[in-house]
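The values are calculated or read from the model by the stated rules, or taken from the named source; none is laboratory data. Predicted, not measured: the structure shown is a model, and the values here were computed from it. Cβ atoms come from the backbone with ideal geometry, glycine included; neighbour counts cover every protein chain shown.
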């Protein structure tokens, strides 16, 4: 079993249309089109960048950069990733795939997370499959909110 610590300061990407009454991922500042963030995966610092798709109520992670050194052995793949609101307290990150020369490949798969609008944070406790990789950590995205 492989353990991935996942944390980031940005939202991930979502595709597809949502029902009119579904919760949506939106920018905190009206009109914002991009966001950035930072976090940790397997104790490796990283930075993220992404864009909003307000019409679909989603956000896309378009870039992920890991810190140099040992952390450069971890690579984000299958970008862009997707963030979709399930409710105002739950989100799903679609298409997440990570590869490490030490741990191998995890994903591409979906990660479900609890969402907190006050802290702009998604908290993971579930696995990333295929690969049977537990995903534990959080994503902080100060410019992102989930609205009903």
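Quick rundown of the values:
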| read-out | value |
| --- | --- |
| Single match in 104, 31 (criterion: touching a strand residue (DSSP E or B) at 6+ places or on another chain (Cβ under 9 Å), at positive phi and surrounded by fewer than 21 Cβ atoms within 10 Å (Cβ to Cβ)) | 104 |
| Residue list for the range 29-45, restricted to those being outside any strand (DSSP E or B), touching a residue at least 12 places away in the same chain (Cβ under 8 Å) and under 22 Å from residue 148 (Cα atoms) | 29, 32, 33 |
| The range 125-148, subset surrounded by fewer than 19 Cβ atoms within 10 Å (Cβ to Cβ) and under 26 Å from residue 56 (Cβ atoms), residue modelled with the lowest pLDDT | 126 |
| One residue from 98, 111, 48 being touching a residue at least 24 places away in the same chain (Cβ under 8 Å) and either loosely packed, with under 15 Cβ neighbours inside 10 Å or within 23 Å of residue 22 (Cβ to Cβ) (or both) | 111 |
| Cβ-Cβ under 6 Å pairs, at least 6 apart or on other chains, the range 129-148 side in contact (Cβ under 8 Å) with a residue 24 or more places away in the chain and at positive phi, far side surrounded by 19 or more Cβ atoms within 10 Å (Cβ to Cβ) and outside any loop (DSSP other than H, G, I, E, B) | 131/106; 137/6; 137/7; 137/124 |
| Count - residues of the range 114-124 that are on the phi < 0 side of the Ramachandran plot and either surrounded by 16 or more Cβ atoms within 10 Å (Cβ to Cβ) or under 13 Å from the mean Cα position of the chain (by Cα) (or both) | 6 |
| In the range 51-82, the residues that are at pLDDT below 85, crowded, with 17+ Cβ neighbours inside 10 Å and not in a strand (DSSP E or B) | 71 |
| Boolean, residue 85 is within 19 Å of residue 36 (Cα to Cα), assigned to a strand (DSSP E or B) and modelled with pLDDT under 90 | no |
